[in-house]
Amino acid sequence: MKWKKLKSISLQSFNLFYFANASAVFPIQRELQLQCPPNIIENFDTLDDLEIQESRFAFLSVGRQARAFVGAIRRKNKEYYQDVLNKMIMYSCDVEQEEQNRCVPESSEFAAKNWNNECIIAAGYSCDPGFCERTSSCFWDKVSSGEVRKSRFPKDQYSNAREQLIAIKKESYAGSLAFPAIVGTVVSVVLFLLWMLYFTLRYCCCCLWRSCVICKPCSPIPKEEGYNVCFQWIIPTVLYIGSFIGLMISGFVALIGNFDINDAATSCFAYVSLLLENAGSFLIATSLPLQTLTNIVTDAATDAFNIIDGTDYIRLTSEKIIQSFGDLLSLHVLGFDGNDGTLIDAENAFVANVEPVVDQIQGMLDTLENDIYQGSDLINSTLSSVVSQIDSFVDNINIWENDVAKYEAEEFETRSLRQAAILSCFVIGGTICLGGIVGIVASKRNKDSRLAASTNLAGIFSALLGTACLVIASLTLFVSLVWHDACEISTLIVNDFEPVLGETLAKGATAIFSGDNLAVAFNLTDRIDFEDKLNDGLSQIESVNFTEQFDLVLSPLKDIQTSVVDNVKAASFLTLSSIVEVGIPGVCEFSYPWVEDDFLEPWNRPSAMTSWSLNTTGLPASEERVSNETPEEYINRLYSIAGTCDSSTGDCCLNEDCTRQINDLCNNGANCMREAVCEASSLVVRMSFAKWHDANRMSANLGAVCPSDLTCPTAEFQSRGNEETVVGLVSSYGDNITETAGNLINIANTTVGDAMEQVRIFLCNMNITFVANGYNQVQNEICGTMLGGFSQINFGFWALGIWLQ
């Protein structure tokens with residue numbers, strides 16, 4: 001069997017391919033989904049790239065039937081081999097040491113941790129500080145949080161595993177394998193002893209025919225009545241000829257089996273070489289993005305810093321906006337006049353429409369800061385170490401490829417020797433048969449001919465060689481049975497690596513054979529997942545219209561100006577306008593016709609005296625402004641009306657003077673009574689001014705419209721940490737967020753984007769299937785063609801031994 005490579009991949013060609021595709025696949029515009037670059041994995045050589053040339057006698061092979069016969073001898077099901085595999089695991093396990101090594105350091109690769117990199121804690125047992133439960137081993141089963149950890153198998157079964165595997169008895173596994181070979185060997189030895197006894201007796205008989213009556217048949221004197229031609233010549237000749245034909249057929253079967261072994265060996269070497277070459281290509285494909293990432297990680301850290309610099313405002317301003325909503329509501333209860341639900345709606349709109357986007361942006365910025373900027377040194381050192389190990393591994397692969405080529409050449413040289421050894425047995429057997437035929441023919445013509453003695457020699461040598469062939473057949477049958485069982489067990493191992501390799505290594509092996517991503521299997525994505533985190537954020541913010549999102553907040557805020565502020569001011573003026581020509585003559589008369597400008601300058605009216613006594617002095621007062629009174633202070637002073645005492649005794653005072661008499665003016669005390677009409681009217685005036693001015697200040701702090709008589713925001717609002725109006729703060733926040741989001745969206749044009757691409761290429765290259773393909777093909781050759789060929793040789797030796805007997 002010959003094979004040749006149809007195509008190959010070199011480091012130089014892979015570099016050209018890699019960089020050509022890097023520019024073609026990754027344009028400036030960011031690809032948001034993790035789409036693996038085409039033609040990288042597919043460019044690996046596959047099994048179809050080998051041209052297999054089978055031997056010309058391959059169509060005559062009965063290897064499949066031979067394998068089926070070996071399987072029929074075993075007659076074991078899958079559960080039996082699983083039990084054997086379990087016993088092998090138990091037999092090879094150092095129970096005492098494994099039981100003591102239940103806990104390992106947290107930094108160990110064998111520490112059992114969850115996806116949050118936290119130690120998994122079993123029930124009823126706790127490791128020392130700094131230690132975790134170890135992952136599964138030959139003794140310990142997998143650990144589950146909150147559950148009592150158990151051994152993989154019952155502890156008492158470990159001590160019995162050795163006896164069940166290799167004890168010298170038929171019931172053990174080794175005994176069941178060796179039994180057919182032992183039976184064949186015993187039968188061979190018995191036949192050999194019988195032949196030796198026969199030849200010994202015949203020799204003695206030939207020597208003692210003169211003196212021993214029972215030895216007369218061995219006399220060299222011919223029978224007087226002559227010999228029976230059928231029994232003396234025809235039947236022996238037919239037997240020798242039949243044996244010769246049988247020997248030739250069985251020899252041809254063994255020779256074809258040998259050709260099958262040659263074909264399978266050639267295929268195995270070819271597939272192993274292909275597997276190593278693909279492994280080298282895989283490592284090169286893995287190393288290139290890591291090398292590129294090593295070269296740009298420092299620049300990526302700088303670009304990341306430039307993006308995150310000055311972005312502390314994002315979370316702080318978001319919290320400040322929420323705070324400003326609360327401050328506005330608490331300061332202007334009168335101004336809202338029960339319409340505070342409008343501000344709550346605006347706050348809910350901010351929380352629902354802006355904060356989710358803010359969280360995404362903040363998450364991206366945190367990733368840039370923590371994973372790239374602050375972690376650049378760790379990334380660099382880790383990548384350098386990994387690249388160095390990969391380079392070393394590639395060098396080892398080159399050495400292994402040379403070793404495989406050397407072993408293939410050595411194996412090829414042994415083929416002629418193996419073929420000669422097999423053919424020699426059958427040629428010798430055929431020669432023995434021909435010698436017997438020659439002896440019979442010669443004895444028929446001349447009994448004294450020396451050639452007639454070849455019959456005796458043929459008998460002796462056939463006994464010797466036949467016995468040897470049966471022993472060889474028994475031993476090769478044992479090898480066939482072991483071989484068959486090893487193939488069955490290897491299939492079980494591939495289906496579930498965990499019991500054999502342990503939980504940690506099994507992750508990688510399972511990923512390789514199931515086609516899963518190695519980086520995911522070993523949780524590497526959590527260590528270099530900034531690409532995934534940034535992609536998730538980009539997929540969110542690129543689809544966001546920030547103007548629309550912030551308009552959903554600004555619109556209800558601006559609506560508060562018209563729906564609340566303007567309405568409250570209009571209602572206040574309307575209420576104030578109703579206090580005209582009301583009151584009690586001689587006590588309180590409200591005759592001034594209010595105009596809207598009076599809210600700002602209520603003292604701007606013809607100078608007059610109040611028709612009532614002020615609450616502060618108990619005397620009428622001029623309506624002129626005192627000092628720098630604000631409109632509210634002015635109205636509160638003038639429109640707070642004094643009461644009168646309702647008795648000459650009791651609690652009735654004017655400030656500190658509590659000697660007031662009945663009908664005297666007062667401003668405090670239990671017996672100080674106020675005129676209801678006067679009090680109600682003055683209260684309406686005071687409350688109208690209070691609401692109007694509170695709404696006016698709320699307008700200044702809201703920021704939709706800035707009143708001309710106030711600063712925006714007011715000093716009181718600023719004293720609570722609000723340097724801008726609510727609308728101004730939200731608007732500027734929207735502008736800043738839009739700019740920051742633009743910087744993040746443009747990340748593909750920075751070295752951070754380049755780093756993301758290299759990480760993506762690396763992760764995509766972790767999807768490998770060539771190992772499983774190569775393994776399956778090698779297993780098919782070893783457990784199929786090669787085992788079938790070996791079994792044919794075994795059958796040939798059985799046939800040779802039987803025919804010679």
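Structure notes:
- Criterion violated by S577 - all others in (1) open to solvent by 30 Å² or more (accessible area, probe 1.4 Å); (2) touching a Phe, Trp or Tyr at 6+ places or on another chain (Cβ under 7 Å); (3) among the small types (G, A, S); (4) in contact (Cβ under 8 Å) with a residue 60 or more places away in the chain satisfied: (4)
- Any chance V684 is in a helix (DSSP H, G or I) and open to solvent by 60 Å² or more (accessible area, probe 1.4 Å): no
- Among the candidates S555, S563, S572, residue that is within 30 Å of A349 (Cβ to Cβ) and either touching a Lys or Arg at 6+ places or on another chain (Cβ under 8 Å) or among the acidic types (D, E) (or both): S572
- Residues that are open to solvent by less than 30 Å² (accessible area, probe 1.4 Å) and modelled with pLDDT of 80 or more, drawn from the stretch 185-205: S188
- Looking only at residues in the stretch 496-523 that are part of a loop (DSSP other than H, G, I, E, B) and either at pLDDT 80 or above or of a type outside the set (S, T, N, Q) (or both), the one that is nearest to the chain's Cα centre (by Cα) is F522.
- Any hit, the stretch 746-768, residues being within 30 Å of I261 (Cα to Cα), modelled with pLDDT under 75 and either open to solvent by 40 Å² or more (accessible area, probe 1.4 Å) or outside any loop (DSSP other than H, G, I, E, B) (or both): no
- Taking first residues from the stretch 236-253 that are open to solvent by 60 Å² or more (accessible area, probe 1.4 Å) and partners that are aromatic (F, W, Y) and assigned to a helix (DSSP H, G or I), the Cβ contacts under 8 Å between residues at least 6 apart in sequence or on separate chains come to M248/F426.
- Residue, nearest to D694 (Cα to Cα), within the stretch 332-348, restricted to residues that are hydrophobic (A, V, I, L, M, F, W, C) and either open to solvent by 30 Å² or more (accessible area, probe 1.4 Å) or not in a helix (DSSP H, G or I) (or both): L334
- Some residue of the stretch 648-655 being surrounded by 14 or more Cβ atoms within 10 Å (Cβ to Cβ), touching a Cys at 6+ places or on another chain (Cβ under 7 Å) and not in a strand (DSSP E or B): yes
- Hey, N370 open to solvent by 60 Å² or more (accessible area, probe 1.4 Å), assigned to a helix (DSSP H, G or I) and touching a Gly at 6+ places or on another chain (Cβ under 9 Å) or not: no
- Some residue of the stretch 385-393 being closer than 16 Å to P556 by Cβ, in contact (Cβ under 8 Å) with a residue 40 or more places away in the chain and either surrounded by 14 or more Cβ atoms within 10 Å (Cβ to Cβ) or touching a Leu at 6+ places or on another chain (Cβ under 9 Å) (or both): no
- V553 falls short on exactly one of the conditions (1) of a type in the set (A, V, I, L, M, F, W, C); (2) outside any helix (DSSP H, G or I); (3) at pLDDT 70 or above, and that condition is (2).
- When restricted to residues that are under 19 Å from the mean Cα position of the chain (by Cα) and modelled with pLDDT of 85 or more, the stretch 113-134 contains 2.
- Only one of the listed residues (I493, I560) is at pLDDT 75 or above and under 30 Å from I322 (Cβ atoms). That residue is I560.
- Residue match in the stretch 673-695 (condition: without any contact (Cβ under 8 Å) to a residue 60 or more places away in the chain and among the hydroxyl-bearing types (S, T, Y)): no
- Looking across the stretch 394-427, the residues that are under 30 Å from V297 (Cβ atoms) and either buried (at least 16 other Cβ atoms within 10 Å of the Cβ) or polar (S, T, N, Q) (or both) come down to V394, N396, I397, N398.
- Every pair of residues 6+ apart whose Cβ atoms lie under 8 Å, when the first sits in the stretch 164-193 and is closer than 20 Å to F461 by Cβ and touching a residue at least 12 places away in the same chain (Cβ under 8 Å) while the second is assigned to a loop (DSSP other than H, G, I, E, B) and open to solvent by less than 80 Å² (accessible area, probe 1.4 Å): L191/Q805
- Residue under evaluation N117, criteria (1) open to solvent by 100 Å² or more (accessible area, probe 1.4 Å); (2) on the phi < 0 side of the Ramachandran plot, criterion not met: (2)
- Qualifying residues in the stretch 687-719 (those that are of a type in the set (A, V, I, L, M) and over 27 Å from V553 (Cα atoms)) - the one most open to solvent (accessible area, probe 1.4 Å): M687
- Residue check, E739 part of a helix (DSSP H, G or I), modelled with pLDDT of 85 or more, open to solvent by 10 Å² or more (accessible area, probe 1.4 Å) and touching a strand residue (DSSP E or B) at 6+ places or on another chain (Cβ under 7 Å): no
- Selected residue (criterion: farthest from N370 (Cα to Cα)) from residues of the stretch 311-329 that are free of Cβ contacts under 8 Å to residues at least 40 places away in the same chain and open to solvent by 60 Å² or more (accessible area, probe 1.4 Å): E319
- Residues satisfying the stated conditions in the stretch 149-191, i.e. part of a loop (DSSP other than H, G, I, E, B), farther than 28 Å from I472 by Cα and of a type in the set (K, R): R149, K150, R152
- Note on the stretch 606-647: residues that are small (G, A, S), surrounded by fewer than 16 Cβ atoms within 10 Å (Cβ to Cβ) and assigned to a loop (DSSP other than H, G, I, E, B) total 5.
- Test result for S611, at negative phi and within 45 Å of the chain's Cα centre (by Cα): no
- Some residue of the stretch 61-79 being within 31 Å of the chain's Cα centre (by Cα), open to solvent by less than 70 Å² (accessible area, probe 1.4 Å) and farther than 18 Å from P154 by Cα: no
The values are calculated or read from the model by the stated rules, or taken from the named source; none is laboratory data. Computed from a prediction, not measured in an experiment: that's the story for all the values here. Positions of Cβ are backbone-derived with ideal geometry, glycine not excepted, and every protein chain shown enters the neighbour counts. What goes into the accessible areas is simple: the full protein's heavy atoms, side chains included, and nothing from ligands, DNA or RNA. Shrake-Rupley method; radii C 1.70, N 1.55, O 1.52, S 1.80 Å.
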